[in-house]
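What follows is a single structure, written as C-alpha cells, with notes after it.
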Amino acid sequence: MRIIRHKVFFCIFSLPLLLACTSFQDSFQGKIYHPETKDGSRLSLEFFPSTRSFTRKNPVILCHGLAANRIYFKINGKDSLVSILQDQGFDVYLLELRGRNLAGAPGLWFGKKIYDYNFDDYVKEDVDTAISEVLQLSKSDQVNWMGHSMGGMVAYARLGSYGEDRISNLVTFGSPFFFPEPNKTFRAWHNFSFLSYIIPVIPTEKIAYLRQRISLLQYTEAGLGKMIYYEPNMEPDVLARLRLESVNNISPKEIRQFSDWVEDGMVETADKKNIYSNNLSKIQIPTLVIWGTRDNLSPSHVTRKAFHALSSKDKAIQIAGRSQGHSEDYGHTDLLIGRKAAEEVLKPAVAWLVARNKMRKANQ
C-alpha cells in the first residue's frame, strides 16, 4: 500500500511537467529529413516554414553545441529562436549532427555506427551534407547559419578552412575559437580526458537526466553547471526540459580533441596538421558574434579574439548583460533560453539577419 501511495504521489507531482512537455512536443513539430553524409552517417533536419505571407531570400540552418541536440532551439515555444525566425519570414532548418538519437543512436561497441567521430567529421562531412540538403529542399543558392557554441565553431572551421561559399551570413552565440587561458573546469575536463580511452561513450545524456531527477546531485556539479548555463536566469520548466530532452552523449574522440585544444590554446584538426583558428582571417561574409557577460565557456577575451580575427567588413558584436541595460548577465546557454532572451538577445540577432535577407517570394 505504501508503494502504491508513493507511485500515485510521484505521478501527481510529475503530471504538470509531463503535460507541459507533451503539449509542447505535440504543438511544435516540423517535418523531419535524414540526409546521409558521404561517409555513411545519418543526420537530422527538422523543417519549420515561414509563418508570414512571404519567405526571405535564404533559409536559416540552426546548429547546436557539444553534448546537445536540436531541441533547445525550440524548447520555449513562441519565445524560441525558431518561432522568432519564422515570424520574420524565414524558412528554418534545425540541424542535428551525427550521433544524435533522432537519426538512430550509435552503438557502444558494435553496430554499423558507434561513438567514433570527432569535430573534424562535423566540419568536413556533416556541415557539407546539411547545406547541400537544405539548398536542394529550399531551391536556394545559399543559407544563413546560426550556431550556438560548437554549432558556431563548425561554421568558423568550415568557412575558414574549406572555403565554403554557400553560407551568406553567420551568427554565432557563445562560440569560442581560442583557448588561451583555460579556467579550472576546462582543466578538470582535460585532467580526466584519459577516461575517453577506456569507456565507449561519455554518457552526458544519462548524467543530465539523473541530475534533473535527483536533487542531491546538484552538489556534485563542481562548477560544470555554471559553465553551461546561469540557472537563476532560466525558468525551472525550461531548465528541466533542457536536461531531460536536449542533452546528447559525447564521442570519446570528440572530447579528446577538445582536450587537445585546451592544452594547445587553439582549435585544430585531430592530427594537428591544420589549425582552424589560424584561418579565421579568411572569413569575409557578414558575421554577428554574440556572447554573454557571464559566459564561462566563451568569455569576453576569447570571443573578442575570434571577432577581431575575422576579415569581414560587415561584422558586429552583441553583448548580453546588465552593462547593456539587460535584465541579467547571461551565461552560455541562457543566451537562447533565458527568461528574457527572446526580447534581449534573439530578436536583435534576427533583426540583424533580416537586414541582410530581402523577401524572396510571396507565399500562396
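Coordinate-derived values only; no laboratory data. From a predicted model like this one, the values you see are computed outputs, not experimental measurements. Neighbour counts are summed over all protein chains in view; Cβ atoms, including those assigned to glycine, are modelled from backbone coordinates with ideal geometry.
Kindly provide the trypsin sites (Lys or Arg not before Pro) of region 55-150 that DSSP labels as loop, not H, G, I, E or B, and whose Cβ sees at most 11 other Cβ atoms within 10 Å. Mind dumping the intermediate values first?
Details: sites: ARG56, LYS57, ARG70, LYS74, LYS78, ARG98, ARG100, LYS112, LYS113, LYS124, LYS139; in loops: LYS57, LYS74, ARG98, ARG100, LYS112, LYS113, LYS139.
For trypsin sites (Lys or Arg not before Pro) across region 55-150 that sit outside H, G, I, E and B with at most 11 neighbouring Cβ atoms in 10 Å, the list reads LYS112, LYS139.
With an 8 Å cut-off on Cα pairs and a minimum separation of 6 or more residues, tell me the relative contact order of the chain in percent.
Reported as a whole number, the value is 21 percent.
Could I have the simple spin-label model distance between ASP39 and LEU137, label points 7 Å from Cα toward Cβ, reported in nm to one decimal?
2.3 nm
So who's got an amide H within less than 5 Å of the one on ASN248, skipping anything under 5 residues away but keeping other chains? H placed 1.01 Å off N, in plane.
ALA68, ASN69
Please report the antiparallel percentage of DSSP beta bridges with both residues in region 32-362, rounded to the nearest 5.
40 percent
Straight-line reach from LYS124: which lysines fall under 23 Å, measuring Cα to Cα and dropping same-chain residues less than 8 apart?
Candidates past the 8-residue exclusion: LYS38, LYS112, LYS113, LYS139, LYS253, LYS272, LYS273, LYS282.
Which ordering of THR303, THR269 is given by a fewest-first count of other beta-carbon atoms within 10 Å?
Going from sparsest to densest Cβ surroundings: THR269, THR303.
Set the Förster radius R0 to 45 Å, insert the Cβ-Cβ distance between LYS226 and PHE47 as r into 1/(1 + (r/R0)^6), and round the FRET efficiency to 0.05.
0.85
Arrange the following residues from fewest to most other Cβ atoms within 10 Å of their Cβ: PHE119, PHE90, PHE47, PHE173.
Least to most surrounded, the residues fall as PHE47, PHE119, PHE90, PHE173.
Karplus couplings for region 319-332 from phi (6.51 cos²θ - 1.76 cosθ + 1.60, θ = phi - 60°), rounded to Hz, Gly and Pro as x?
Residue by residue, region 319-332 yields 9, 10, x, 5, 5, 9, x, 7, 6, 7, 7, 7, x, 6 Hz.
Given a Förster radius of 56 Å and the C-beta distance between LYS358 and TRP109 as r, what FRET efficiency does 1/(1 + (r/R0)^6) yield to the nearest 0.05?
E(calc), rounded to 0.05, equals 0.65.
Computed from these coordinates, which is semi-axes √(5λ) of the Cα gyration tensor in Å: (1) 46, 25, 18; (2) 29, 26, 22; (3) 38, 26, 18?
(2)
What value, in deg cm²/dmol to 500, does the helix sum -39500 (n - 2.57) over DSSP H runs of n ≥ 4 give at 222 nm once divided by the residues of the chain? The partial results should precede the final answer.
Details: 12 runs with 126 residues, N = 364.
Mean residue ellipticity at 222 nm (helix-derived): -10500 deg cm²/dmol.
Taking neighbour Cβ counts within 10 Å as the exposure measure, how do ASP264, ASP128, ASP120 sort from fewest upward?
On the way: ASP264 13, ASP128 17, ASP120 20.
Ascending Cβ contact count within 10 Å gives the list ASP264, ASP128, ASP120.
What are the membrane-span-like helices in the chain by this rule: whole DSSP H runs, Cα extent along the axis at least 20 Å, mean Kyte-Doolittle hydropathy at least -0.5?
Both cut-offs are met by 2-27.
What length, rounded to one decimal in nm, is gained on full extension from ASP165 through to LYS272, with 0.36 nm per residue of separation minus their alpha-carbon distance?
Going from the current span to full extension adds 36.1 nm.
Given R₀ = 41 Å, what would the calculated FRET efficiency be for GLU181 paired with LEU210, taking r from the Cβ atoms and rounding to 0.05?
On the way: r = 32 Å, r/R0 = 0.77.
Computed FRET efficiency for GLU181 and LEU210 comes out at 0.80.
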